[in-house]
Amino acid sequence: MQLKAAIDEFILYIQIEKNYSTHTVISYEYDLDQFLAFLCDHDCSTGLADITTTQVRRFIQNQLGKQKQKPRSINRKISCLKSFTKYCIREKFLSNNFMDSIEKPKFDDNLPVYMTLDDLKQLFRSIENDDSSLSIRNEVMIKLLATTGMRRSELVALTWEQINLSNQTIRVFGKGKKERLLPLHAALIPLLYEYKETLREFQIYPTEPVFLNKNGVSLNPRGLHLIFKKALEKAGLPPSRFSLHHLRHTFATLMLQENKENIELRTLQELLGHESITATEVYTHVEFEQKKKAIDSFNIF
């Protein structure tokens with residue numbers, strides 16, 4: 001069987017049977033197509049049974065070297081290939097698992113980048129004073145991300161039936177379509193009502209997307225990214241320093257730093273929709289780093 005045909009079968013499987021999110025399906029397809037392109041570029045056989053562990057290692061080396069891929073991306077590609085080969089063996093497309101001895105490279109753990117409380121307040125002041133035509137939409141989106149910790153893919157996928165203003169809750173579908181219920185901050189309720197008033201009646205139908213672009217169609221992650229970068233620039237914050245994912249880090253970090261007496265790590269894990277508590281523990285490291293800086297700056301000697 002050819003690799004391309006196996007990829008097509010696998011993508012169909014995770015899309016239909018596993019019901020993976022659109023974002024995950026696109027990422028998996030992109031990673032597998034990259035591997036296929038690598039084999040073609042290096043005149044290797046693209047027969048599924050001909051692929052070797054050495055070729056996979058050279059692909060990883062190529063991604064780290066020439067392609068300058070980040071550690072997170074490399075580990076995602078390895079996870080993708082492992083899932084793919086596991087599926088191929090189960091379906092009897094493949095008898096020898098060429099990913100068996102491949103391990104994820106060890107990288108230095110970097111503490112997550114996040115905005116300080118002053119940075120966040122500066123951003124909020126700026127968007128609150130913005131008088132552009134879509135300013136209320138932008139304010140709702142950025143404040144929702146900052147006060148719930150949801151992912152940008154989760155935000156752009158929101159429909160009105162997921163928001164319950166009476167109960168002050170929002171229902172989010174995370175990775176693997178897993179559902180979690182998040183409380184809405186009280187300050188967001190009047191803002192959401194105000195935003196709702198700016199929309200036409202058919203646009204607030206339960207199954208309609210909550211956030212629309214300037215053309216009146218559902219906003220995509222790329223569009224949200226550009227809106228956030230412009231908001232940072234207007235607020236006098238460096239757009240190159242922060243991304244939307246850093247806003248998620250900001251939520252988690254400030255939650256522990258400013259509100260630690262009211263939140264446990266397990267609660268934060270549930271708010272963020274992390275599969276494992278290990279992923280959430282990185283924010284305790286951030287808090288420790290702040291403590292260390294405080295001690296180091298205590299100039300008494």
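The values are calculated or read from the model by the stated rules, or taken from the named source; none is laboratory data. It should be emphasised that the depicted structure is a prediction, and the values quoted were computed from it without experimental measurement. Here the Cβ positions follow ideal geometry from the backbone for every residue, glycine too, while neighbour counts run over all protein chains shown.
When the stretch 116-169 is filtered for residues that are modelled with pLDDT under 90, within 16 Å of Leu212 (Cβ to Cβ) and over 18 Å from the mean Cα position of the chain (by Cα), the ones remaining, listed by number, are Ser132, Ser133. Meeting the requirement of 1 or more residues that are over 30 Å from Gly216 (Cα atoms) and not β-branched (Val, Ile, Thr), the helices (runs of 4 or more DSSP H) wholly within the stretch 50-163 are 53-64, 71-90, 117-128. The residues on offer are Lys121, Lys92, Lys177, and the sole one that is at negative phi, charged (D, E, K, R) and surrounded by fewer than 20 Cβ atoms within 10 Å (Cβ to Cβ) is Lys121. Within the stretch 155-182, the residues that satisfy the criterion of being without any contact (Cβ under 8 Å) to a residue 24 or more places away in the chain and touching a Lys or Arg at 6+ places or on another chain (Cβ under 9 Å) are Asn164, Arg171, Glu179, Leu181.
Just to be sure, is Cys40 surrounded by 17 or more Cβ atoms within 10 Å (Cβ to Cβ), in a helix (DSSP H, G or I) and not aliphatic (A, V, I, L, M)? Can you show your working first?
Details: surrounded by 17 or more Cβ atoms within 10 Å (Cβ to Cβ): no; in a helix (DSSP H, G or I): yes; not aliphatic (A, V, I, L, M): yes.
No: the conditions fail for Cys40.
Residues in the stretch 43-66 that are over 13 Å from Ala6 (Cβ atoms) and surrounded by 15 or more Cβ atoms within 10 Å (Cβ to Cβ): 9 in all.
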